[in-house]
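Colleague: Take a look at the following structure, please.
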Amino acid sequence: MITPGEAWAIILKQVRPLKAVRVPLADALGYCLAEEVRADRDLPPADRASMDGYAVQHEDLQETPCTLRVIGEVAAGSASRRRVESGTCVRILTGANVPPGADAVVMVEDTQENGGLVTIHSPASRGANIHPRGEDARKETSLLPRGARIDAMRAGVCAAVGKASLKVHARPEVAILCTGSELRAVADRVRPHEIRNSNGPALSAALAQWGFGASGYRSVADEPGVLVAALSRALARHEVVLFTGGVSVGKYDYVREAVEATGAKVQFHRLRMRPGRPTLYATAAHNRHVFGLPGNPLSSLTAFHEFVLPALRRLAGCPAEECRTAWMLPLAESVEAEGGFVRCALARVVMGEHGLAAAPVPFRSSADLVSAGHADGVVLLPPERTRFAAGESVAFRPWRPLP
Ligand code: AMP
Ligand code: MG
């Protein structure tokens, strides 16, 4: 049986970023760039005042206080090019271009204006309070690399350089097929031998939560023919199909059989990891991918965050090394594991004495969805050991975007 790390390496070899599409900047949030964004001109485009005050020749201020004649005003947005000569100055407002001849801006707080004259109380060095042309970036400099995911800051960068639309990678469409004849819809009446389908809503929310849009889910009966038909239909319109349940070795676990019947190639099945041991991954033609997630609620969420989310990010154009991120956090308390496989143990992020730490959240089994409601993700406890001390650094995989 392979480790989760080896499983990810297999997936990474198979997933290729989707084709580039053009989207308006206003719709680009969450997409990964399929082009580099460069400065279309120097930033800032001219020497600009970073304070309200007076544009002066700094040599006029060698002895202060001194008095200069105010010959005009330039506010932000003004195209005025009134020249500052020795003995004169121009009133200037934050964001306005520094007029020709001036080489410093004196803060208004250090001055007193009276009848066309201004008294300046303290000297200024050359360049004072001027944000010089090109200081932030020269024209043609690369500002954002391919693969960068558009967020608030990056949307601002794109706007500043005139990118009204962006070339981004398309985001994958995902189908969720929940197997299990015991499943009932959330709103249905349930009898004692039935359970509500929680994986469908949980995975659908997980997709939306990580920026992949809400996707519907379908319940499918544990019958090979039904699974084959549902999978074929789903693969026609989605890059990724998620099965939940039916992937173990029970009598009614038909997912593997159905996957193979459609011609998809099983790349791995069963991992040295818990929860999530029976996880299956298969590839179909045209960069399509099938995941068989185990039915237990914690197992399906574990496999989702270990493999599905990273694969979706890669399809969406995220650089390979940024798709499957974990944080190293110290354990807030000691924790024990069985050893022999990677234990994914529910944990909360807490503010410890020395910063953030991962506090284990006790859980009873991989069916214990209730405990997951109190967790922020899982710590990944390696297979080689059974005891992990408080303060020891472990990998933490977030299951929710943390504030
Ligand atoms: P399976 O992998 O199909 O054997 O399912 C393992 C366990 O997970 C069984 O107890 C199922 O009833 C439960 N289970 C399977 N699918 C779901 C689901 N969509 N929502 C909640 N529990 C599920
Ligand atoms: Mg089942």
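The values are calculated or read from the model by the stated rules, or taken from the named source; none is laboratory data. Given the structure is predicted, the values throughout are model-derived calculations rather than measurements. Glycine also receives a Cβ, built like all others from the backbone with ideal geometry; neighbour counts cover every protein chain displayed. The area values use the complete protein model at the heavy-atom level, side chains included, leaving out ligands, DNA and RNA. Shrake-Rupley method; radii C 1.70, N 1.55, O 1.52, S 1.80 Å.
Colleague: Quick test of your reading of the structure: Asp222 fulfils all but one of (1) open to solvent by less than 50 Å² (accessible area, probe 1.4 Å); (2) assigned to a strand (DSSP E or B); (3) within 10 Å of ligand 1 (Cβ to nearest atom). Name the failing condition by number.
Modeller: (2)
Colleague: Specify the residue that is surrounded by the most Cβ atoms within 10 Å (Cβ to Cβ); the eligible residues are those in the range 363-397 that are over 30 Å from Thr244 (Cβ atoms) and of a type in the set (Asp, Glu).
Modeller: Glu392
Colleague: Of all residues being of a type in the set (A, V, I, L, M) and in contact with a strand residue (DSSP E or B) (Cβ under 6 Å, 6 or more places away or on another chain) in the range 287-304, which is farthest from Leu380 (Cα to Cα)? Just the residue, please.
Modeller: Ranking the candidates gives Val290 first.
Colleague: Considering the range 176-215 alone, what residues qualify as being of a type in the set (S, T, N, Q), open to solvent by 60 Å² or more (accessible area, probe 1.4 Å) and within 16 Å of ligand 2 (Cβ to nearest atom)?
Modeller: Of everything in the range 176-215, just one residue is of a type in the set (S, T, N, Q), open to solvent by 60 Å² or more (accessible area, probe 1.4 Å) and within 16 Å of ligand 2 (Cβ to nearest atom), namely Ser181.
Colleague: So, one more: Name the single residue, out of those in the range 232-250 being at pLDDT 95 or above and polar (S, T, N, Q), that is farthest from ligand 1 (Cβ to nearest atom).
Modeller: Ser232
Colleague: Just to check your reading of the model, which residue among Gly134, Gly213, Gly156 is more than 16 Å from ligand 1 (Cβ to nearest atom) and free of Cβ contacts under 8 Å to residues at least 24 places away in the same chain?
Modeller: Gly156
Colleague: Of the numbered conditions (1) open to solvent by less than 60 Å² (accessible area, probe 1.4 Å); (2) among the small types (Gly, Ala, Ser); (3) in a loop (DSSP other than H, G, I, E, B), Ala79 satisfies every one except a single condition; which is it?
Modeller: Against the list (1) open to solvent by less than 60 Å² (accessible area, probe 1.4 Å); (2) among the small types (Gly, Ala, Ser); (3) in a loop (DSSP other than H, G, I, E, B), Ala79 comes up short only on (1).
Colleague: Related question: If I filter the range 252-260 for residues that are within 22 Å of the chain's Cα centre (by Cα) and touching a residue at least 12 places away in the same chain (Cβ under 8 Å), do I get at least one hit?
Modeller: No.
Colleague: Restrict the check to the range 34-56 and report whether at least one residue is free of Cβ contacts under 8 Å to residues at least 40 places away in the same chain and either touching a Cys at 6+ places or on another chain (Cβ under 9 Å) or buried (at least 19 other Cβ atoms within 10 Å of the Cβ) (or both).
Modeller: Taking every residue of the range 34-56 in turn, none turns out to be free of Cβ contacts under 8 Å to residues at least 40 places away in the same chain and either touching a Cys at 6+ places or on another chain (Cβ under 9 Å) or buried (at least 19 other Cβ atoms within 10 Å of the Cβ) (or both).
Colleague: Here is a list: Val21, Val90. Which entry is of a type in the set (Val, Ile, Thr) and crowded, with 19+ Cβ neighbours inside 10 Å?
Modeller: Being of a type in the set (Val, Ile, Thr) and crowded, with 19+ Cβ neighbours inside 10 Å holds for just one of Val21, Val90, which is Val90.
Colleague: Looking at this structure, is Ala282 open to solvent by 20 Å² or more (accessible area, probe 1.4 Å) and either of a type in the set (A, V, I, L, M, F, W, C) or away from ligand 2 (no atom under 13 Å from the Cβ) (or both)?
Modeller: No, not satisfied.
Colleague: Is there a residue in the range 225-247 that is part of a loop (DSSP other than H, G, I, E, B), among the hydroxyl-bearing types (Ser, Thr, Tyr), open to solvent by 40 Å² or more (accessible area, probe 1.4 Å) and touching a residue at least 24 places away in the same chain (Cβ under 8 Å)?
Modeller: no
Colleague: Among the numbered criteria (1) away from ligand 1 (no atom under 15 Å from the Cβ); (2) within 30 Å of Ile150 (Cα to Cα), which one does Val228 miss?
Modeller: (2)
Colleague: Picking from Arg233, Arg218, Arg256, Arg237, which residue would you name as being within 16 Å of ligand 2 (Cβ to nearest atom) and within 30 Å of Cys32 (Cβ to Cβ)?
Modeller: The unique qualifying residue is Arg218.
Colleague: Answer yes if at least one residue in the range 341-352 is away from ligand 2 (no atom under 16 Å from the Cβ) and either more than 28 Å from Ala390 (Cα to Cα) or modelled with pLDDT under 95 (or both), and no otherwise.
Modeller: Within the range 341-352, one or more residues are away from ligand 2 (no atom under 16 Å from the Cβ) and either more than 28 Å from Ala390 (Cα to Cα) or modelled with pLDDT under 95 (or both).
Colleague: So, one more: Which one of these is small (Gly, Ala, Ser), in contact with a strand residue (DSSP E or B) (Cβ under 8 Å, 6 or more places away or on another chain) and in the same structural domain as Val241 (by TED's automatic domain parsing): Ala345, Ala316?
Modeller: Selected residue: Ala316, the only one of Ala345, Ala316 that is small (Gly, Ala, Ser), in contact with a strand residue (DSSP E or B) (Cβ under 8 Å, 6 or more places away or on another chain) and in the same structural domain as Val241 (by TED's automatic domain parsing).
Residue-by-condition table, conditions (1) of a type outside the set (S, T, N, Q); (2) farther than 30 Å from Pro24 by Cβ; (3) outside the structural domain of Gly250 (by TED's automatic domain parsing):
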position	(1), (2), (3)
Gln112	no, yes, yes
Arg154	yes, no, yes
Val157	yes, no, yes
Val161	yes, no, yes
Ala164	yes, no, yes
Leu177	yes, yes, no
Val186	yes, yes, no
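Colleague: If Ser80 meets every condition in (1) at pLDDT 95 or above; (2) out of contact with any Leu (no Cβ under 6 Å at 6 or more places or on another chain) apart from one, which number is that one?
Modeller: Here Ser80 clears every test but (1).
Colleague: Moving on. Exactly one of (1) away from ligand 2 (no atom under 16 Å from the Cβ); (2) in contact with a Leu (Cβ under 7 Å, 6 or more places away or on another chain) is unmet by Glu173. Its number?
Modeller: Status for Glu173: all satisfied but (2).
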